[in-house]
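Visitor: Here it is, the structure in full.
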Amino acid sequence: MPALAPRSQGEGAVGPARRCEGAGSAGSSSLTAPGGATGMCGIAGMLRFDGRPVESAVLDRMTDVLSHRGPDARGIHVEGALGLGHRRLSIIDLSDDGRQPMPNEDETIWVVLNGEIYNFPELRAELEAKGHRFRSHTDTEVLVHLYEEEGSRLVERLVGMFAFALWDSRARRLLIARDRFGQKPLYYRLNDQSLHFASEAKGILADPSVPRAPDPLALDLYLTYGYVPAPHSAFVGLSKLPPGFLLEVEADGRHQLRRYWSLQLGPKRRVAGRRAEERVEEELLAAIDEATRLRMVSDVPLGAFLSGGVDSSAIVAAMCEAQPGGKVRTFSIGFDEPAYDERAYAREVAEHLGTEHVDLVLSPDNAPELERVVWHYGEPFADASALPTFAVSELARKHVTVVLSGDAGDELFLGYDRYLGTRLEEAVRTSPQPLRALARNRVALALLSHGGKPQLAGTLAHSAFNPQLTPVDLYLSRLELVRERDKRELYSAGFVQATRAMDAYALYRRAIADSDGETFVERCAHADVSAYLPDDILVKVDVASMAFGLECRSPLLDHRLAELAATLPAKLKLRRLEQKRVLKRAIRRRVPARVLERKKQGFGVPLEHWFRGQLTGLLRERLLDPAARQRGLFDPRAVERAIEEHASGRVDRRNQLYPLLVLETWYRTCLEATDRP
């Protein structure tokens, strides 16, 4: 394939180390601790309710298809109608003691874990004091002993990112659970005959008895948001376990799904006066430092993704504070198109902190092959920043095995431009009528745009030209990828009929309505924490990193840090036109002022240029192919018109074309193909 195909990738290093320099091998900026985590993995398994024994060969297939998640070792445990499978990526305690599935002392409880339990040393000490005996130094073994003490409530004691399955042979009960924010994925299929589960949908589908069929309602959700939100999946009969949930299943099929945690935004702290704000900033910085320190424990080389934005810069600075005598390696991606290229800021931070920095310029010529990317995601996933995330993960894996990232800073500290836009709309709605009229005057908006405030003008225009929309619908319009009017143009009559029962926006409306946020902006961000963050941002990073056996850790998703951020008044995060104010002030002595003051850029991809250049042919070849037409999802004339309008430069159709391109590739790669690309 001439475009989006892999080629040799050039790299460039930046700057001598300063604050992070010192003794130690290059890239070995990790901390060590007695014992350790097993590392990132892939898990899979099943429980049959009719008592039929699980075939080892089927379990092998389910785990082998996840080998990219755990290339270092494999293991299975079969106990009649119960089967557990595991693929291991070793990060700490590289010995065979970390092999899974892992039992308790008398082998009546077994567990498979994907993830890291960061507070396992404290939990282990507590359990040993109660008489529990450990045979390994891994975090995984803590789960079986903690379960013996606390049953399913063990999840409430864990600090980390995880998805695990635990079998209690005495109670004949299987428990599957997912971490609070959904950093680690977990799919399942539950019906009258059996329960299947796996880290990826392809693990479940590797069982030949499981049908592989697309769910049209989920595809409508995908086209709306660019991803399939939990609990839905793109496959009929498969679900995602939502973040902060656990599922208990008895051997006879009885089951209970319950939520064990959710982020609460109240009660709010009272922060009055500059000195009180400074104390909050100090507390926040200490929490970031501690969360980062916990995630630097590793027996393999460790680095960080660095975009040059506020969040990743905060984490890299905290890494340097945690270990000033060791080097931190940082990695970033850039583009030839200046509007999308953040390398200058990433290099400035790298030079300021003294990291060993490597970056890569991405283009259609060296972008990851689309079939490969789509296969790894397993579901249609149209966040185009998956392409540079894939590329930077491959780049980082050449140097390190673990990276830290700044994910969740935007949701926790009101960093997205859409939050600023929503706040401005809110201010306009509650202002006196003359000001409302001025804010919606076309001449005034044009003057504002030409006067250096195009973002502000665009935000006010969005509200002014959509007066029929409620505040919730205005916010949702900022999230949608393929708009309702575009769906009416693109969808075939059959696809319209198949998706008629789906209200794609109900999930978000419910999340906003259920939020306990004091302000409307907070409620919108709270909804993003429950949907956009786990189902887009965290999926993007998890899949891309695990495709190369790279573990990615996110200090800002430490639930204790997040709970601290949630209790801070919105005015500390978003004041006037300044976003993430409290976070910026907390790190202002560590990060260059230019980085903190610059406009948020986002991790975008210049698809509008690529689709008018080298990738125009790919769009026509893929979307107008007879096989695509025969699927009956879209009106071929509308698809062809969208391609031509975009190629001519008349209309920007990237938000429709990229989801269609990914969807067609998903049909070919994940539904029809029999071999891994």
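All of the numbers you see were taken from the coordinates with simple rules; none came from a lab. Since the structure is predicted, the reported quantities are computational estimates derived from the model, not experimental observations. Cβ placement follows ideal geometry from the backbone for every residue including glycine, while neighbour counts extend to all protein chains displayed.
Visitor: Could you please tell me the mean projected area of the C-alpha convex hull for region 606-677, averaged over all directions and given in square nanometres to one decimal?
Guide: The directionally averaged projection comes out at 5.0 nm².
Visitor: Quick check on region 219-348: what are the equivalent-ellipsoid semi-axes from the Cα gyration tensor, as sqrt(5λ), descending, whole Å?
Guide: 36, 25, 20
Visitor: Evaluate E = 1/(1 + (r/R0)^6) for Asp652 and Asn366, where r is the Cβ-Cβ distance and R0 equals 22 Å; express this FRET efficiency to the nearest 0.05.
Guide: With R0 = 22 Å, the Cβ-Cβ based efficiency is 0.35.
Visitor: Sticking with this one: Based on the Cβ-Cβ distance of Phe465 and Arg631, what FRET efficiency does E = 1/(1 + (r/R0)^6) give at R0 = 41 Å, to the nearest 0.05?
Guide: 0.70
Visitor: Just rank Cys524, Cys41, Cys320, fewest to most, by other beta-carbon atoms within 10 angstrom.
Guide: Ascending number of Cβ neighbours within 10 Å: Cys320, Cys524, Cys41.
Visitor: Nearest 20 debye, what's the magnitude of the dipole of the chain about its Cα centre given +1 on Lys and Arg Cβ and -1 on Asp and Glu Cβ?
Guide: Charge dipole of the chain: 2240 debye, to the nearest 20.
Visitor: Can you tell me the relative contact order of the chain? Whole percent, Cα pairs under 8 Å, sequence separation 6 or more.
Guide: Here the relative contact order equals 18 percent.
Visitor: Once the Cα gyration tensor of region 201-240 is found, what semi-axes does its equivalent ellipsoid get, as square roots of 5 times the eigenvalues, in whole Å, sorted largest first?
Guide: 20, 9, 7
Visitor: Express the Stokes-Einstein translational diffusion coefficient of region 414-460 in µm² s⁻¹, to the nearest whole number, given a Kirkwood radius over alpha-carbon pairs, 4 °C and a viscosity of 1.567 mPa s.
Guide: 118 µm²/s
Visitor: Cα-Cα over 29 Å: which of Lys327/Lys584; Lys240/Lys487; Lys268/Lys580; Lys268/Lys327; Lys184/Lys600; Lys540/Lys600?
Guide: Distance filter (> 29 Å) returns Lys268/Lys327.
Visitor: Another question about this same structure. I'd like to know which of Ala391, Leu438, Leu302 lies farthest towards the positive end of the charge dipole of the chain, counting +1 on Cβ of Lys and Arg and -1 on Cβ of Asp and Glu.
Guide: It is Leu438, whose Cα lies furthest towards the positive end.
Visitor: Right, next: Could you grab the relative contact order for region 606-677? Cα pairs under 8 Å, six or more apart, rounded to a whole percent.
Guide: Value for region 606-677: 34 percent.
Visitor: Arrange the following residues from fewest to most other Cβ atoms within 10 Å of their Cβ: Thr459, Thr138, Thr567, Thr355.
Guide: Placing the least packed residue first, the sequence is Thr567, Thr459, Thr138, Thr355.
Visitor: Can I ask one more? May I have the convex hull volume per residue, in Å³, for the Cα set of the chain?
Guide: Roughly 159 Å³ of hull volume per residue.
Visitor: OK, next. Please give the Cα centre distance for region 361-405 versus region 228-285, rounded to the nearest Å.
Guide: Cα centres, region 361-405 to region 228-285: 27 Å.
Visitor: A follow-up question, please. Have a look at Ala230, Ala547, Gly334 and report the one farthest towards the positive end of the charge dipole of the chain, computed about the Cα centre with Cβ charges (Lys/Arg +1, Asp/Glu -1).
Guide: Gly334
Visitor: Same structure again: Of all trypsin sites (Lys or Arg not before Pro) in region 605-652, which ones are in loop regions per DSSP and have a Cβ with at most 12 other Cβ atoms within 10 Å?
Guide: Arg650
Visitor: Rounded to the nearest 5, what is the percent of antiparallel bridges among the DSSP beta bridges in the chain?
Guide: 75 percent
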